[in-house]
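> Could you have a look at this structure, given as structure tokens, before my questions?
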Amino acid sequence: MKTRTKNNTLAEIAEFLKTLDRVAVTTHVGADGDAIGASVALVRLVRRLGAEAVFCHAEAVPDYLAWLLPGEALRELAPDHDLLVADTSRADRTGVPVPETGARLNVDHHEDNPLYAEYNLVSPRAAATAEIIADLYAELDVPLDRPAAEALYVGIRTDTGGFNFRNISPRAHELVADLLRAGVVPAEVNERINRRGSIEQLRIVGVSLANAVRYGDALISTVENADYERTGATELDSKESIDQLRTVAGVDVVAHLREVPQGTKGSLRSETVDVGEIARRFGGGGHRLAAGYTTRRRPNEAREELLGMLEGVLDLGGGR
Ligand code: 5GP
Ligand code: MN
């Protein structure tokens, strides 16, 4: 895998996109609204420029986002496709194996992105990768049609926690106004992405909330395989609890630790503490205020491991 260090300008990437003939777009594993939204909008942009483009991802797209996809996602990358990667902080987090020659484009907003592709457009000030893709539409004078606008709207809406996080800017709101003018109806999108839950998901969220323990300025919830079995829900269903965990007053770091086949997946959130830095110490990454990692330990041990790491950073209240 090549690692290059150059970040390109919007104009350079616009020119580069015009040179492509056959493209596959992929994103990170465990895709969320921005991953899929930005990818779909990029697929549509490349098609508008006259090239062939497909979305390629080895995992199933989550049900609540499947409506954004133009047909089925390809499961394997064909060798004659140029690979464009959206919203992915590291090449090894892509949903398909990156070819020897590397990805051709890396478009992202994670500040820890090491600029791993031949062309890189990484802008940590963007609230979502979707915001950067919207800039490319503008740069290339490609008007936003409704499906592209919906994809971009889902990206911005999900990565800003519904316009609530610190990453939201006046500019992002102005873009959202343009997306509404292009035909996005927020209530319909809300219906499609937020009212798709199941009773199983509701139950695992309940378990996850009930399992929350406060350690001074930290709040940690753990969910285990037995909880999935008991509720019939999945690991990702349990992560739906994270925004509710964040409602506790006076907590600086929230961690959701859920059992996965490799051990435990941790999702970290904060308003003040650089949790990206903490995630990187465990080999993970992400943003300053929203980050994640995977550890080989099971959830109970993963909690102790995390508390050990937080000890020097936060007041854990001596309650351990
Ligand atoms: P989440 O907790 O929603 O899975 O992830 C929060 C943020 O951290 C996202 O931007 C995601 O891309 C990033 N992230 C989560 N897990 C990992 C990981 O294992 N490695 C890296 N590099 N980033 C991660
Ligand atoms: Mn994103």
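> Which pairs do you get when a residue that is in contact (Cβ under 8 Å) with a residue 12 or more places away in the chain and of a type in the set (Val, Ile, Thr), found in region 141-156, comes within reach of a residue that is more than 16 Å from ligand 2 (Cβ to nearest atom) and assigned to a helix (DSSP H, G or I), reach meaning Cβ atoms under 7 angstrom, with the pair 6+ apart or on two chains?
Short answer, once both residue conditions are applied: 142/45; 142/48; 154/189.
> Would it be correct to say that residue 174 is in the same structural domain as residue 130 (by TED's automatic domain parsing), part of a helix (DSSP H, G or I), more than 23 Å from residue 288 (Cα to Cα) and open to solvent by 50 Å² or more (accessible area, probe 1.4 Å)?
yes
> Looking at region 81-99, I want the residues that are of a type in the set (D, E, K, R) and have a partner that is within 16 Å of ligand 2 (Cβ to nearest atom) and in a strand (DSSP E or B) with Cβ atoms under 6 Å, at least 6 apart or on another chain. Which pairs are those?
Here the result reads 87/108; 93/28, each pair linking region 81-99 to a residue that is within 16 Å of ligand 2 (Cβ to nearest atom) and in a strand (DSSP E or B).
> A follow-up question, please. Can residue 255 be described as in contact with a helix residue (DSSP H, G or I) (Cβ under 7 Å, 6 or more places away or on another chain), at negative phi and assigned to a loop (DSSP other than H, G, I, E, B)?
No; evaluated as a whole, the condition is false for this residue.
> Which residue pairs have Cβ atoms under 9 Å apart, sit 6 or more places apart or on different chains, and have a first residue in region 200-218 that is closer than 20 Å to residue 270 by Cα and assigned to a strand (DSSP E or B) and a second that is small (Gly, Ala, Ser) and open to solvent by less than 40 Å² (accessible area, probe 1.4 Å)?
Sorted first by the residue in region 200-218, then by its partner, the pairs are 213/221; 218/255.
> Further question on the same structure: For residue 152, work out the one condition from (1) in a loop (DSSP other than H, G, I, E, B); (2) within 14 Å of ligand 2 (Cβ to nearest atom) it doesn't fulfil.
Here residue 152 clears every test but (1).
> Also, quick follow-up: Being open to solvent by 10 Å² or more (accessible area, probe 1.4 Å) and away from ligand 1 (no atom under 16 Å from the Cβ) is the filter here; which residues of region 103-133 pass it?
Of everything in region 103-133, those that are open to solvent by 10 Å² or more (accessible area, probe 1.4 Å) and away from ligand 1 (no atom under 16 Å from the Cβ) turn out to be 104, 118, 119, 121.
> How many of the residues in region 24-77 are within 16 Å of ligand 1 (Cβ to nearest atom), open to solvent by less than 10 Å² (accessible area, probe 1.4 Å) and either at pLDDT below 90 or assigned to a helix (DSSP H, G or I) (or both)?
Residues in region 24-77 being within 16 Å of ligand 1 (Cβ to nearest atom), open to solvent by less than 10 Å² (accessible area, probe 1.4 Å) and either at pLDDT below 90 or assigned to a helix (DSSP H, G or I) (or both): 8 in total.
> Residue check, residue 165 against (1) part of a loop (DSSP other than H, G, I, E, B); (2) open to solvent by less than 10 Å² (accessible area, probe 1.4 Å); (3) of a type outside the set (Ser, Thr, Tyr), all met but one. Which one?
Failing condition for residue 165: (2).
> Another question, if that's okay. What pairs can you find where one residue is in region 301-319 and under 15 Å from residue 212 (Cβ atoms), the other is at pLDDT below 90, and their Cβ atoms are less than 7 Å apart, with a gap of 6+ or different chains?
Correct list of pairs: 307/320.
> Name the residues in region 219-234 that are among the hydroxyl-bearing types (Ser, Thr, Tyr) and in a strand (DSSP E or B), would you?
Across region 219-234, the qualifying residues are 221, 222.
> Oh, and also: Please find, among 101, 94, 158, the residue that is within 12 Å of ligand 2 (Cβ to nearest atom) and among the β-branched types (Val, Ile, Thr).
Among 101, 94, 158, only 158 is within 12 Å of ligand 2 (Cβ to nearest atom) and among the β-branched types (Val, Ile, Thr).
> Something else: Determine whether region 186-207 contains at least one residue that is in contact with a Lys or Arg (Cβ under 8 Å, 6 or more places away or on another chain), within 19 Å of residue 254 (Cβ to Cβ) and surrounded by 15 or more Cβ atoms within 10 Å (Cβ to Cβ).
Yes, because at least one residue in region 186-207 is in contact with a Lys or Arg (Cβ under 8 Å, 6 or more places away or on another chain), within 19 Å of residue 254 (Cβ to Cβ) and surrounded by 15 or more Cβ atoms within 10 Å (Cβ to Cβ).
> Return the residue satisfying two criteria in turn: it lies in region 4-23 and is of a type outside the set (A, V, I, L, M, F, W, C) and in a helix (DSSP H, G or I), and of such residues it is nearest to ligand 1 (Cβ to nearest atom).
Looking at residues that are of a type outside the set (A, V, I, L, M, F, W, C) and in a helix (DSSP H, G or I), I get 12.
The values are calculated or read from the model by the stated rules, or taken from the named source; none is laboratory data. Note that the coordinates shown come from a computational prediction; the quantities given were computed from them, not determined experimentally. Methodologically, a virtual Cβ is constructed for each residue, glycine included, from the backbone with ideal geometry; neighbour enumeration extends over all protein chains shown. Only protein heavy atoms, including side chains, enter the accessible area calculation; ligands, DNA and RNA are left aside. Shrake-Rupley method; radii C 1.70, N 1.55, O 1.52, S 1.80 Å.
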